[in-house]
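Below is one structure, written out as structure tokens; comments come after it.
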Amino acid sequence: MTLREMTIDDLEQVTAIEKKIFSDPWSKEGFLSFLIKDYAMFLVVEEKGAVLGYCGMLIMQEEGDITNIAVHPGRRKEGIGRFMLEGLLRIAGDYGVNTIHLEVRQGNLPAKRLYDRCGFIQDGLRRNYYSDPTENAVLMTWVRPAPAAANGEGTGTNDVISEP
Ligand SMILES: CC(C)(COP(=O)(O)OP(=O)(O)OC[C@H]1O[C@@H](n2cnc3c(N)ncnc32)[C@H](O)[C@@H]1OP(=O)(O)O)[C@@H](O)C(=O)NCCC(=O)NCCS
């Protein structure tokens with residue numbers, strides 16, 4: 001299993017997963033419009049040519065905003081989400097990104113658990129932010145641990161990432 005940059009060739013599989021999961025799925029064109037931008041970082045987890053998951057982030061100076069994260073419905077709860085998100089946090093460092101924001105449906109417990117496990121902290125709420133169905137958005141933020149903390153106790157998200 002490898003984590004790598006998303007390419008145009010992945011979009012067939014990525015949008016097939018997207019359609020299975022979301023009520024307002026991103027189209028191929030939607031992904032494509034970001035793949036060509038240098039302020040966007042889109043990654044996939046791949047195994048033997050199959051896309052198991054994907055995530056995306058927009059970058060503004062030292063801050064990132066996660067736009068997408070999903071794991072194939074048949075491959076959940078295997079640690080793929082965490083493998084992918086921890087990889088994104090590590091690679092974000094190469095872009096000089098030290099603070100990352102996201103929003104998540106209040107009732108999306110698997111995603112909230114994943115973010116919590118990766119060190120995101122809840123820091124806001126937007127009422128009725130989502131539609132279809134209407135739901136509050138929980139705002140969460142991750143801040144890169146100081147180097148001493150990351151190297152010390154070994155509990156930070158900057159630890160060496162191993163496969164799940
Ligand atoms: C959220 C999502 C990406 C998680 O991917 P995943 O590969 O199943 O996650 P992992 O296996 O790495 O699990 C990460 C943590 O979440 C927990 N978790 C995952 N699914 C869970 C579930 N259904 N219920 C409770 N906890 C869950 C895991 O137990 C793990 O926590 P732990 O380390 O304490 O055991 C996946 O459920 C998904 O694609 N959901 C649909 C898309 C979505 O909602 N994206 C988020 C939009 S904001």
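Bear in mind that the values in this text are calculations on the coordinates, not laboratory data. Because the structure is predicted, anything quoted here is derived from the model rather than measured. Note: ideal-geometry Cβ built from the backbone for every residue, glycine included; neighbour counts use all protein chains shown.
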Using a/c under 1.5 as the rounded threshold, could you call the chain rounded, prolate or oblate? The axes a ≥ b ≥ c are square roots of the C-alpha gyration tensor eigenvalues, and prolate needs a/b larger than b/c, oblate otherwise.
-> rounded
Hey, can you list the DSSP H helices of the chain whose Cα span along the axis is 20 Å or longer and whose average Kyte-Doolittle score is at least -0.5?
-> 80-94
Within the chain, percent of DSSP bridges classed antiparallel, to nearest 5 | 90
Quote the charge dipole size of region 77-135 about the Cα centre in Debye, to the nearest 20; the model charges only the Cβ of Lys and Arg (+1) and of Asp and Glu (-1).
-> 160
Where a Cα-Cα gap under 24 Å defines reach, which lysines qualify for K48, not counting those fewer than 8 residues away within the same chain?
-> K19, K20, K28, K77
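Which value in deg cm²/dmol, rounded to the nearest 500, describes the helix-derived mean residue ellipticity at 222 nm for the chain, given -39,500 (n - 2.57) per DSSP H run of n ≥ 4 and division by the residue count?
Rounded to the nearest 500, the figure is -8500 deg cm²/dmol.
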Scattering from the C-alpha atoms of region 17-83 alone, worked out with Debye: what is log10 I(q)/I(0) at q = 0.18, 0.26, 0.28 1/Å?
-> -0.73, -1.26, -1.33
